[in-house]
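Chemist: The structure's right below; bear with me while I get my questions together.
The values are calculated or read from the model by the stated rules, or taken from the named source; none is laboratory data. Quick caveat, the model's predicted, so the values are computed rather than measured. So basically every Cβ, Gly included, is an ideal-geometry build from the backbone, and we count neighbours across all protein chains shown. Note: areas computed on protein heavy atoms with side chains; ligands, DNA, RNA excluded. Shrake-Rupley method; radii C 1.70, N 1.55, O 1.52, S 1.80 Å.
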Amino acid sequence: MSRYSASDIEGKWQAAWDKAGVFTAKRDETKPKYYVLEMFPYPSGRIHMGHVRNYTMGDVVARYKMSTGHNVLHPMGWDAFGMPAENAAMASGGHPKEWTYNNIDVMKGQLKPLGLSFDWSREFATCDPEYYGQQQSLFLDFLDAGLVYRKNAVVNWDPVDMTVLANEQVENGRGWRSGAIVERKELTQWFFKISDHADELLDAIDGLDNWPAKVKLMQSNWIGKSRGLEFSFDVIDAPEGFDQVTVYTTRPDTLMGASFVGISADHPLARHLETQNADIAAFNKECRQMSTSEADMEKAEKKGFHTGLRVRHPLDPNWELPVWIANFILMDYGTGAVFACPAHDQRDLDFARKYDLPVRDTFFALDNDTPVDHVAFVPPKTEKVRWVNHFAGLDVATGEDAINATVDFAEKAGWGTGVTKFRLRDWGLSRQRYWGCPIPVVHCDDCGVVPEKKENLPIQLPDDVSFDKPGNPLDRHPTWRDCSCPSCGKPAQRETDTMDTFVDSSWYYARFTSPNSGTPTDLDDVKYWMNVDQYIGGIEHAILHLLYSRFFARAMQITGHLPQTAVEPFNALFTQGMVTHAIYKRENQDGRPTYFYPEQVELRDGKAFLIADGAEVDIVPSAKMSKSKNNVVDPVAIIDAFGADTARWFVLSDSPPERDVEWTASGAEAAGKHLARVYRIAAEIAYENLAANDQDQALLKDMHKAIHDVTQGVESFGFNASIAKLYGFTNTLAKSKAGSEAKRMAARTLAQLMSPMTPHLSEEIWALLGGDGLVIQSPWPVADPAMLIDDEVTMPIQVNGKRRAEITVSKDLPSSEIEKIALAQDGVVRAMDGATPKKVIVVPGRIINVVV
RNA sequence: GCCCUCGUGGUGGAAUGGUAGACACAAGAGACUUAAAAUCUCUCGGCUGUAAGGCCGUGCCGGUUCGAGUCCGGCCGAGGGCACCA
C-alpha cells in the first residue's frame, strides 16, 4: 500500500478533468444553470492567501452545484488596469503592459495547481484591447442615453510633480514622491449619473434576500437618503447677487437652536468674498490645501473664518446670525451651506466653543425646564419631547412630528421646502493616468466634445510611452492625441483621461457569459447565464464595487446590453473575511515607516526582532494583508510542500468564512496529516475482504448525519462546520468494524462529501474504492431523514438555571414522565435541598429547568 | 470624525435563547520502535477537593428571561470602509 503523495495524484486528476471537459461551460436549456463568480484578482504579481481562500470557497460552491445537477459557469479573469503597474514602471523602468501580463502569467501558473474548476476558455484581462474596446462601446451607448456627463470636480494636485494624486498617494497632506503640500484643483471630468438611480438602488436593496445584512446596511447608509428642509437666509447688506444663502438641514426641529450659518470654502459666496478680502482668500486657500479624502477632512481640526456678513433668522427678522466659512462643510453635499445648532451636534458644539458662539438649548425634559444636555440628542420617533419653536411656542411632540411640523410650517409660510436628498454623489470616472481604458471622445475646436465613432474602437493605448517623469504620459505623447474630429473631420485631439478601474470591474461578470462577442454582451448568453447566482469576494468591496456594479447592470439594461430580468447583477453575495497578518515596522528618522516581511523577523515572548540587526521592531497586530505593508504570506510554499488539497482544506478549516482570519504558519502540516490519514483509511478499506452482508447501523447513521451536516454547511457557507463534521465522520469510519459493505459505502460517501474541498484526493480514493466514473460527475449523496432521528435523547436538568444532572430518555416520552424522572435524580434532589419546585419547564428533546 | 463588524481555553474556533468550549492545533503522558520519524491511546478553561462533588468562567457594567456567549442599553478594545488603492 503506497503512501499518500499529493504530487503524484494532483496532476493526474487535473488532466482527467481537462480531458473530460468537465469545467467548460456550454448553454444547456435542459439543466438549471448556476453562475458562481469570485471577484477577479488584480494581477499584483503573486497570489496571496486571500486569493486562495476566495477561490477555494467559490470552487467548493461550483463543484457542489455540479454534483447536484446544475450547469455551472465558473469563470476567471484579471482586473488588470491600475496604478501599481504605473508605479512599477516609474520605479524600475519597465512598461505597465509588460509588467501586467507577466504578472498574469505568474499568477495563473500559481493558481493552476490548485485544481480550481475554472472555465479557463473564458479568461480575459480588462487591459486586453478586446475587452476595453467593448467597454468604450458601452461608454458611448451610456453617453447617448444621457447616463454620462461632464462637470468640474476637485482632485488632489501635487504642485511640484504637476500631477494628480490618488488619495492613497497623499501622506499627511503631502505628495508621496515630491513631499509637496497637496492642493485641491478643479478639473473638468466625466461622471456617471448614478445619483439619478439613487432612490431605485436604495429601494432594490430590500429585494436582495441573499446578501449579507451588513452589506445592505452599508449600501443604504452610503446612498444616504434623508428628508429635510431646504430654506434660505436673507443676507443683510448682501454683496451683489448674494441676497440669500440656501441651506439644507435634516434637523429643522433644531432651528431655534441656530447660532451661526456655515458655508463651504468652495461655496459661491465664499469664492466671491475671497476676491474682496485677502484674509478670506488666505483662509479658503488653507481649506483647499487638504486632501479630498472625507476621512482626512473629518479628522482635521475644525476651523472657521467669520466673513463679517450676517443673515436674518427666517422665524424672527430681528434675530441675526453670523456667516462663517468652515473647513468641515462639503460643497458636494446638500447646498454647501448649513445652519449650525451647537446644542445638538457635536461638531457644531466644538466649533461654537472654539469661536465663542452661543449654544441655545432647544429640547427640554417633559416635566421641568431642564434642557436635554445630550449633544447628539435626536428626539425619539415615537416618544414625545418638549422643544422650542417659534411658531407654536414651547411644544410637545414626537421627534418625527417635530421635524414634520417645522417643514409644514416653512412650506405654508413660504420660506422653505421639504426635500429629499441623497448622500450618494455622481461617480467621477476620469483618471489622469495612462494604464486604464481610454475615454473614447475627441475634443474639436469647432464641435466641442465629440464621441468617437464605434467603428474606430478600440481606441488603443500607445505602447511607446515613458514613465521617466510624473504625470500622464498620454498628455506628452508626440502623436497619440492627434486625430480627426468624428463630426467635422478637422484635426482634433483625443481625450487623454482614462477610466476609473472600477468601470472595468462593473460589467466583467456580464462579459464572462460571452467573452468573445463582437458586442459588449451577447443577448442569448446573458439571458441564459445572468444573473450571477453566487458572488463571492472581500468585505472591503461592500460599498463601491458592488454599488457601481448594481448601477452598471441598470445602465446596461437601459442601453439594451442586459435583459430586463437582470437588473440586479448578483442574486446572492457572500463576503469572506480578510486574511490578516501582523505588520512589522520601524519608524525612520524622517517619520516614515519601513515595513519588514514576516520572514525577516524573529518572534520571542510576544515581541518581534529583526533578524538582520537583532533589534526590536514594532508590531501592528492583525491588519489586512497588503503589498505595501509587506505583511503578505505566499501560499505557493504550502502548495509546493503539501499539495493543493492540503492548502484548500487548510484555508477552509477552523475559521468561519465570513470572518477575518489571522494567518499563522502552523496548521497546514496538520491538514496534510489528516488528508494522509483519510487516504490510509480508504486504502485499507479498499483492500479489506468483505464479510457477509454486514450492515453497520451506527456507521450508517453517522454517515447520514455527515451527509446532512456537510450539505448544510456547504449550502450556508459554513465550510468550517462541514469540515468539523468530516473529521468526526472520519473518526467514526476509522473505528468501525472492518469488512462490512457499509464501511466501503461510507468511505465512498466520504470521498464524495470531501470532493468539493479536496477534489484530487477524493477522485483518488473514489477510484480506489471502485466508484463509478469521476467523483465530480457523481450525484451528491442524499441523507435519509429516517436515519437522522435518534430514538433516545439526552437531556440536561437544571435547577434554577444551573445544570445538576442529565437523563437519557426515549424521544417519545411525555413531558409529565420526563418531569417525574428528572425530579428523582440525585443531583436534582441535592440541589433542591428539600424545597418544592415552583415550576418545572420541560422543553422536549432539549432541557428541563426546575425553578424553586 | 462618520458608517459597519468583531471580542469565547495556550491557539483557530463550535454552540435554532436551552449541557459553554464540538472539531482541530499546540502541549503533556503512555504504547509501538535498538532509536527516531510515522502511527495509535489517554489528559488538557480556572480554583478547590483523596474522591463524589462544589465554586467561578464567553472584553467590562447593567437589563429582559425559568434560562443569555446568543436579545436590549451603555462602555472598552481591535479591524474594515469613507468616493483617485484594488
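Chemist: Students often get this wrong: which residues of the range A:712-732 have the backbone nitrogen under 12 Å from the point 7 angstrom along Cα-to-C-beta of A:ASN210?
Modeler: A:715-717
Chemist: Once the other residues with Cβ under 9 Å from the Cβ of A:SER755 are scored (Lys, Arg +1; Asp, Glu -1), what is the net sum?
Modeler: Values: positive: A:ARG63; negative: A:GLU763.
Once all neighbours under 9 Å are counted, the net charge is 0.
Chemist: While we're on this one: What accessible area, in Å² to the nearest ten, does a 1.4 Å probe give for A:TYR528?
Modeler: Taking all protein chains as shown, A:TYR528 has close to 20 Å².
Chemist: I'd like the distance between the alpha-carbon centres of the range A:466-535 and the range A:124-151, rounded to an integer number of Å.
Modeler: 5
Chemist: Report, by chain and number, residues whose modeled amide H sits under 5 Å from the one on A:ARG804, excluding near sequence neighbours (fewer than 5 apart, same chain).
Modeler: Hits under the 5 Å cutoff: A:ILE797, A:GLN798, A:VAL799.
Chemist: Run the 1.4 Å probe and let me know the accessible area of A:MET745, rounded to the nearest 10 Å².
Modeler: Here the accessible area works out near 80 Å².
Chemist: Enter the per residue convex hull volume of the range A:370-524, computed from alpha-carbon coordinates, in Å³ rounded to the nearest integer.
Modeler: 291
Chemist: Another question, then. Let me check I've understood the local charge: for A:ALA125, count other residues with C-beta under 15 angstrom from its C-beta, Lys and Arg +1, Asp and Glu -1. What total comes out?
Modeler: Details: positive: A:LYS97, A:LYS108, A:ARG122, A:ARG511; negative: A:ASP79, A:GLU98, A:ASP105, A:GLU123, A:ASP128, A:GLU130, A:ASP504.
Within the 15 Å Cβ shell, the charges total -3.
Chemist: Additional query: Using the Kirkwood radius over Cα pairs, work out the Stokes-Einstein diffusion coefficient for the range A:403-481 at 37 °C and 0.692 mPa s, in µm²/s as a whole number.
Modeler: 189
Chemist: Using 29 Å as the Cα-Cα cut-off, could you pick out the over-long pairs in A:LYS673/A:LYS725; A:LYS112/A:LYS193; A:LYS673/A:LYS737; A:LYS193/A:LYS454; A:LYS108/A:LYS453; A:LYS811/A:LYS838?
Modeler: The answer is A:LYS112/A:LYS193; A:LYS108/A:LYS453.
Chemist: Please say if the range A:1-153 is rounded, prolate or oblate, where rounded means a/c under 1.5 for a ≥ b ≥ c the square roots of the C-alpha gyration tensor eigenvalues, and otherwise the choice is prolate for a/b larger than b/c and oblate otherwise?
Modeler: Oblate shape, in that a/c is at least 1.5 and b/c is the bigger or equal ratio.
Chemist: To continue, here is another question. Select from A:GLY518, A:ALA671, A:VAL155 the residue farthest towards the positive end of the dipole of chain A; place +1 on Cβ of Lys and Arg, -1 on Cβ of Asp and Glu, and compute about the Cα centre.
Modeler: It is A:ALA671.
Chemist: Heavy atoms only, probe 1.4 Å: what % of the accessible area of chain A goes to carbon and sulfur, would you let me know? Could you put the intermediate results ahead of the total?
Modeler: Numbers: 18280 of 37790 Å².
Ligands and nucleic acids excluded, carbon and sulfur give 48 percent.
Chemist: Go through A:LEU573, A:LEU813 and list them by solvent-accessible area, largest first, probe radius 1.4 Å.
Modeler: Solvent-accessible surface, decreasing: A:LEU813, A:LEU573.
Chemist: Let a ≥ b ≥ c be the square roots of the eigenvalues of the Cα gyration tensor of the range A:690-820; is it rounded (a/c under 1.5), or, if not, prolate (a/b larger than b/c) or oblate?
Modeler: Because a/c hits 1.5 or more and a/b exceeds b/c, the range A:690-820 counts as prolate.
Chemist: Among the listed pairs A:LYS705/A:LYS802; A:LYS151/A:LYS185; A:LYS26/A:LYS527; A:LYS151/A:LYS469; A:LYS31/A:LYS65, which have their C-alpha atoms separated by more than 22 angstrom in this model?
Modeler: As for pairs spanning more than 22 Å Cα to Cα, those are A:LYS705/A:LYS802; A:LYS151/A:LYS469.
Chemist: Please work out the Cα center distance from the range A:56-96 to the range A:765-817, rounded to the nearest Å.
Modeler: About 40 Å separates the Cα centre of the range A:56-96 from the one of the range A:765-817.
Chemist: Take A:GLU29, project a point 7 Å from its Cα along the Cβ direction, then tell me which residues of the range A:528-543 have their backbone nitrogen under 12 Å from it.
Modeler: A:528
Chemist: Right, here's the next one. So, in nm, how far is label A:ALA278 from label A:SER92 when the simple model puts each one 7 Å beyond its Cα toward the Cβ?
Modeler: Those two pseudo-labels are separated by 5.2 nm.
Chemist: Right, next: Which peptide among A:676-688, A:771-783, A:292-304 comes first, and what is the full order, when sorted by highest mean count of other Cβ atoms within 10 Å?
Modeler: A:676-688, A:771-783, A:292-304
Chemist: Right, something else. Please state, as a whole number in µm²/s, the translational diffusion coefficient that the Stokes-Einstein equation yields for the range A:136-280 at 10 °C and 1.306 mPa s, with Rh defined as the Kirkwood radius across alpha carbon pairs.
Modeler: Stokes-Einstein gives a translational diffusion coefficient of 80 µm²/s.
Chemist: A further question follows. Largest first, what is the accessible-area ranking of A:LYS673, A:LYS701 with a 1.4 Å probe?
Modeler: Descending order: A:LYS673, A:LYS701.
Chemist: To continue, here is another question. Mind checking the full-extension length gain between A:ASP475 and A:GLU806? Use 0.36 nm per residue of separation minus the Cα-Cα distance, one decimal, nm.
Modeler: Length gained, A:ASP475 through A:GLU806: 111.2 nm.
Chemist: Can you give the accessible area of A:ASP128, probe radius 1.4 Å, in Å² rounded to 10?
Modeler: 30
Chemist: Still on this model: Given a Förster distance of 25 angstrom, what is the FRET efficiency for A:ALA295 paired with A:ASP356, based on the Cβ-Cβ distance and rounded to 0.05?
Modeler: 0.30
Chemist: Report ³J(HN,Hα) in whole Hz for each residue of the range A:486-503, in order, from the Karplus equation J = 6.51 cos²θ - 1.76 cosθ + 1.60 where θ = phi - 60°; Gly and Pro get x.
Modeler: Result, ordered by residue: x, 8, 9, x, 6, x, 8, 10, 6, 5, 9, 6, 10, 8, 3, 5, 5, 5 Hz.
Chemist: Using the crude model of +1 on Lys and Arg Cβ and -1 on Asp and Glu Cβ, and no other charge, please compute the dipole size for the range A:81-181 relative to its Cα centre, in debye to 20. Each step should come with its number before you reach the end.
Modeler: Numbers: 8 positive and 13 negative charges, 36 e Å.
Result for the range A:81-181 is approximately 180 debye, rounded to the nearest 20.
Chemist: Using the Cα gyration tensor of chain A, with a ≥ b ≥ c the square roots of its eigenvalues, what is the shape: rounded (a/c below 1.5), prolate (a/b larger than b/c) or oblate (neither)? The partial results should precede the final answer.
Modeler: Details: a/c = 2.07, a/b = 1.34, b/c = 1.55.
Oblate, since a/c reaches 1.5 and b/c is not below a/b.
Chemist: Moving on to the next point. Arrange the peptides A:789-802, A:529-542 so that the one whose residues have, on average, the most other Cβ atoms within 10 Å appears first.
Modeler: Ranked by mean Cβ neighbours within 10 Å, highest first: A:529-542, A:789-802.
Chemist: OK, next. Leaving out ligands and nucleic acids, and using a 1.4 Å probe, what accessible area per residue does the range A:684-835 come to in Å²?
Modeler: Normalised by residue count, the accessible surface of the range A:684-835 is 48 Å².
Chemist: For A:LYS225 and A:LYS302, calculate 0.36 nm times their separation in residues minus their Cα-Cα distance, and state this gained length in nm to one decimal. Numbers along the way, then the final one.
Modeler: Working: separation 77, 0.36 × 77 = 27.72 nm, distance 2.57 nm.
This chain segment gains 25.1 nm when fully extended.
Chemist: Just to confirm a number: summing +1 for Lys and Arg and -1 for Asp and Glu over residues other than A:GLY308 whose beta-carbon lies under 15 angstrom from that of A:GLY308, what do you get? List each step's numbers first, then the result.
Modeler: Values: positive: A:ARG310; negative: A:ASP237, A:GLU274, A:ASP279, A:GLU320.
Here the count lands on -3.
Chemist: Once fully extended, how much extra length lies between A:ARG271 and A:ALA413, figured as 0.36 nm per residue of separation less the alpha-carbon to alpha-carbon distance? Let's see the in-between values first.
Modeler: Values: separation 142, 0.36 × 142 = 51.12 nm, distance 3.12 nm.
Residue separation times 0.36 nm, minus the Cα-Cα distance, leaves 48.0 nm.
Chemist: Also, quick follow-up: Rounded to the nearest 0.05, what FRET efficiency is calculated for A:ASN318 and A:SER487 with R0 set to 56 Å and r the Cβ-Cβ distance? Don't jump to the answer; show the numbers that get you there.
Modeler: On the way: r = 59 Å, r/R0 = 1.06.
My answer for the efficiency is 0.40.
Chemist: State the percent of C-alpha pairs, over all pairs in the range A:305-373, separated by a distance greater than 20 angstrom.
Modeler: 39
Chemist: So for chain A: antiparallel DSSP bridges make up what percent, rounded to the nearest 5?
Modeler: 80
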